[in-house]
Amino acid sequence: MPPRNLAAMKRDTLLASPFFQHMLPRELDELIAGSHELRASRGMVIFSKGDPGSSMMAVLAGHVRVGSVSQEGREVTLNLMGPGEVFGEIALLDGKPRSLDAVAADDSTLMVIERTIFLPFLMRHEGLVERLLVVLCERLRQTSIALEEIALFGLEARLARLLVKLGEDYGRATEDGIKITLKLSQRDLSTQVATSRESVNKQLQIWRKAGLITTEAGHLILRNPTALRAMFDA
């Protein structure tokens, strides 16, 4: 891809983020010029809890799971980041070690902005601090909702809500139902509802037999999203 087209793609992707969308073109170009790319294959660990927090990242393509591992060794996904979303900004701001893990959910391309570049940039442009606070508050709100669901709802409700949300965010209408275009394994699903892969497999089998879902080439298809919604929206 020619450099000019690559820069335009980066700019368009960043403009999808609440943090970047109000920036002037010259501000975006300045930030893009000081960044570098990181290509992460599916399953690659981008950073781990405790690693130095020297950069923030914006997803240009693909998806990144951000979460942690419980004391019992169970993985929990707190956020699934897609194109235009930023992560790693907390450690970047305070310079402390990473507080969560980040793993590529599929083949992904990231724009990496080092702390040495971003902090001076932030100070040079009025209004960016306030917008970053909005992004951080939204991230905290999403994490609080995820933890609340784990504490208050059973597996059936948590998994049903996840599938419906995936259908809303990544769904495509087909003759059989809503096909989730993002390919996630049962292990991927289990980390997002804080349970074991075996428990997710058992629940999916129940829903397959009931005609609520089916699969096609590794993609989940929601045949009855209304029934799934009723499990958590009663």
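The values are calculated or read from the model by the stated rules, or taken from the named source; none is laboratory data. Quick caveat, the model's predicted, so the values are computed rather than measured. Quick reminder, even Gly has a Cβ in these numbers, built from the backbone with ideal geometry, and neighbours come from all protein chains shown. These accessible areas exclude ligands, DNA and RNA; they are computed on the full protein's heavy atoms, side chains included. Shrake-Rupley method; radii C 1.70, N 1.55, O 1.52, S 1.80 Å.
Which of the listed residues, Ala16, Gly50, Gly62, is farthest toward the dipole's positive end in segment 1-93, when Lys, Arg count +1 and Asp, Glu count -1 at the beta-carbon?
Gly62
List, largest first, the extents of the alpha carbons of segment 1-155 along their principal axes, each in whole Å.
Extents along the principal axes, in whole Å: 48, 33, 27.
Kindly provide the helix-only [θ] at 222 nm of the chain, computed as the sum of -39,500 (n - 2.57) over DSSP H runs of four or more divided by all residues, to the nearest 500 deg cm²/dmol?
The helix-only estimate for the chain comes to -13500 deg cm²/dmol at 222 nm.
Sequence gap at least 6, Cα distance under 8 Å: using those rules, report the relative contact order of the chain to the nearest whole percent.
Working: 384 pairs, mean separation 44.1, N = 234.
Once normalised by length, the contact order is 19 percent.
Where the convex hull is taken over the Cα atoms of segment 41-106, what is its projected area averaged over directions, in nm²?
On the way: hull surface 16.9 nm².
Result: 4.2 nm².
Given Cβ point charges of +1 (Lys, Arg) and -1 (Asp, Glu) and nothing else, what value in debye, to the nearest 20, does the dipole of segment 106-165 about its Cα centre take?
Details: 8 positive and 9 negative charges, 26 e Å.
So the dipole magnitude of segment 106-165 works out to roughly 120 debye.
If I compute solvent accessible area with a 1.4 Å probe over the protein chains, what percent of it on segment 1-119 is carbon and sulfur?
Numbers: 3120 of 5680 Å².
C and S atoms contribute 55 percent here.
Could you work out how much longer the chain between Glu216 and Glu168 gets when fully extended? Use 0.36 nm per residue separation minus the Cα distance between them, nm to one decimal. The partial results should precede the final answer.
Details: separation 48, 0.36 × 48 = 17.28 nm, distance 1.81 nm.
Contour length minus Cα-Cα distance gives 15.5 nm.
Could you give the accessible area per residue of the chain, probe 1.4 Å, as a whole number in Å²?
Numbers: 12140 Å² over 234 residues.
The answer is 52 Å² per residue.
Based on the inverse mean of 1/r over its pairs of different Cα atoms, what is the Kirkwood hydrodynamic radius of segment 94-234, in Å? Present the calculation step by step, with values, prior to reporting the outcome.
Details: mean 1/r = 0.0567 Å⁻¹.
Kirkwood hydrodynamic radius for segment 94-234: 17.6 Å.
Using the crude model of +1 on Lys and Arg Cβ and -1 on Asp and Glu Cβ, and no other charge, please compute the dipole size for the chain relative to its Cα centre, in debye to 20.
On the way: 29 positive and 29 negative charges, 93 e Å.
The calculated dipole for the chain is roughly 440 debye.
Quick one: P(r) of segment 188-234 from all Cα-Cα pairs, 5 Å bins, percents rounded to integers, in order of increasing distance.
5, 20, 24, 31, 18, 2, 0
Rank by packing, highest mean first: peptides 97-103, 20-26, with packing defined as the count of other Cβ atoms within 10 Å averaged across residues.
On the way: 97-103: 19.1, 20-26: 12.9.
Output ranking for 97-103, 20-26: 97-103, 20-26.
Let a ≥ b ≥ c be the square roots of the eigenvalues of the Cα gyration tensor of segment 68-130; is it rounded (a/c under 1.5), or, if not, prolate (a/b larger than b/c) or oblate?
The shape class here is prolate.
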